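The values are calculated or read from the model by the stated rules, or taken from the named source; none is laboratory data. Computed from a predicted structure; not experimentally measured. Don't worry about glycine lacking a Cβ; one is built from the backbone with ideal geometry, like all the others, and counts go over all protein chains shown.
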Amino acid sequence: MTHPILETRDLTVRFGGHVAVDAVSCTFRTGELCAIVGPNGAGKTTYFNLISGQIPASAGRVVLNGQDITRAGVSRRCDLGIGRAFQLTNLFPNLTVLENVRLVIQSKRRMGFALFSTAASHVELTNRAEEILDSVRMMPLSGYKVSELSHGNQRKLEVALLIALDPLVYMFDEPTAGMSVDEAPVVLDLIARLKAQTDRTILLVEHKMDVIRSLADRIVVLHNGALAADGAPAEVMASDVVQEAYMGKELDIA
């Protein structure tokens with residue numbers, strides 16, 4: 001069994017008298033793709049926000065690779081290996097798609113953004129950026145400014161930027177939302193390829209059951225902020241309490 005890379009221990013957040021995430025304890029392992037599902041308002045995105053540092057926890061802990069990061073900010077968690085796509089969206093909206101990816105690579109390599117003025121001379125960086133853009137089928141758009149991209153292409157760029165960041169934990173919150181039927185398979189194929197590398201962990205919030213069936217090794221179900229189910233996809237999807245109370249009969253795989 002692979003070692004746990006990420007843990008949440010009794011993770012909780014309260015907004016006034018409302019408990020949005022209620023003592024959720026989960027362990028995520030290297031090489032695993034875990035889908036986090038539940039009805040609207042279940043606390044899925046809030047749980048993601050707690051893990052990535054967008055909001056502080058009221059109680060509980062977040063542990064990455066054995067290190068307690070509960071009090072760490074977003075940038076520190078990013079440095080340590082937690083990558084969430086939207087954190088990087090429109091990093092530089094007035095620069096080109098290629099420049100955005102190249103700058104993330106520079107940052108990851110601790111080269112700093114100050115080198116941008118001479119970035120054209122960094123052949124290795126440019127080659128790596130082009131390789132990533134080719135993998136998300138965006139090379140024809142490499143010269144476009146980010147602000148000029150369609151919504152679907154911005155979502156694909158999110159994935160490209162996340163790949164450039166090379167995190168230990170990839171976090172995707174409905175990655176195909178708003179995409180056309182032609183665009184969505186490109187992103188799903190990328191996620192599948194990331195999973196196939198087996199040395200990273202992927203957390204995926206998704207409503208589309210066909211996507212979950214095809215990608216997930218495990219499903220975590222949240223309801224009213226609490227952990228309602230956690231297990232193998234067939235086991236969770238076959239659970240009467242999950243089907244009837246949380247997700248509806250669309251989960252029926254019989």
- Checklist (1) assigned to a strand (DSSP E or B); (2) of a type outside the set (A, V, I, L, M); (3) buried (at least 16 other Cβ atoms within 10 Å of the Cβ) applied to F48, failing item: (1)
- Query: So which residues in segment 133-147 are under 23 Å from V181 (Cβ atoms) and surrounded by fewer than 22 Cβ atoms within 10 Å (Cβ to Cβ), if there are any at all?
  - Reply: D134, S135, R137, M139, P140, L141, Y144
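Only one of A216, A192 is over 16 Å from V159 (Cα atoms), small (G, A, S) and at pLDDT 85 or above. Can you tell me which?
Residue meeting the stated conditions: A216.
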- Looking only at segment 21-33, which residues are assigned to a strand (DSSP E or B) and out of contact with any Phe, Trp or Tyr (no Cβ under 7 Å at 6 or more places or on another chain)? D22, A23, S25, C26, T27, F28, R29, L33
- Message: Considering only segment 29-51, I want to know if a residue exists there that is modelled with pLDDT under 95 and within 30 Å of N127 (Cβ to Cβ).
- Response: yes
- Item | For D10: the one exception among (1) at pLDDT below 90; (2) in contact with a Ser or Thr (Cβ under 7 Å, 6 or more places away or on another chain); (3) on the phi > 0 side of the Ramachandran plot | (1)
- Note on the structure: Residues in segment 133-172 that are under 30 Å from T30 (Cα atoms), of a type in the set (S, T, Y) and modelled with pLDDT of 90 or more total 1
- Item | Where T201 falls short, out of the listed (1) without any contact (Cβ under 8 Å) to a residue 40 or more places away in the chain; (2) closer than 21 Å to K108 by Cα; (3) of a type in the set (V, I, T) | (1)
- Message: Please determine whether any residue of segment 12-20 is within 24 Å of S239 (Cβ to Cβ) and either part of a loop (DSSP other than H, G, I, E, B) or not hydroxyl-bearing (S, T, Y) (or both).
- Response: yes
- Query: Are any residues in segment 34-58 β-branched (V, I, T) and either under 11 Å from L203 (Cα atoms) or touching a Phe, Trp or Tyr at 6+ places or on another chain (Cβ under 6 Å) (or both), and if so, which ones?
  - Reply: I36, V37, I51
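Hey, can you tell me all the residues within segment 82-101 that are at pLDDT 90 or above, within 15 Å of the chain's Cα centre (by Cα) and surrounded by fewer than 20 Cβ atoms within 10 Å (Cβ to Cβ)?
Scanning segment 82-101 gives no hits.
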- Hey, can you tell me all the residues within segment 16-58 that are closer than 18 Å to R71 by Cα and free of Cβ contacts under 8 Å to residues at least 40 places away in the same chain? N49, G53, Q54
- Query: Among the candidates I36, I55, which residue alone is among the β-branched types (V, I, T), under 18 Å from the mean Cα position of the chain (by Cα) and surrounded by 20 or more Cβ atoms within 10 Å (Cβ to Cβ)?
  - Reply: I36
- Going through segment 51-77 one residue at a time, which ones are part of a loop (DSSP other than H, G, I, E, B) and small (G, A, S)? G53, A57, S58, G66, A72, G73
- Message: List the residue pairs whose Cβ atoms are under 6 Å apart, where the first residue sits in segment 209-226 and is in the same structural domain as S239 (by TED's automatic domain parsing), the second is acidic (D, E), and the two are 6 or more positions apart or on different chains.
- Response: M209/E250; I212/E206; D217/E32; V220/D230; G225/D22; A226/D22
- Query: How many residues does segment 110-132 contain that are at pLDDT below 85, surrounded by 14 or more Cβ atoms within 10 Å (Cβ to Cβ) and of a type in the set (D, E, K, R)?
  - Reply: 0
- Query: For segment 37-88, which residues satisfy the criterion of being among the hydroxyl-bearing types (S, T, Y) and touching a Lys or Arg at 6+ places or on another chain (Cβ under 7 Å)?
  - Reply: S52, S58, T70
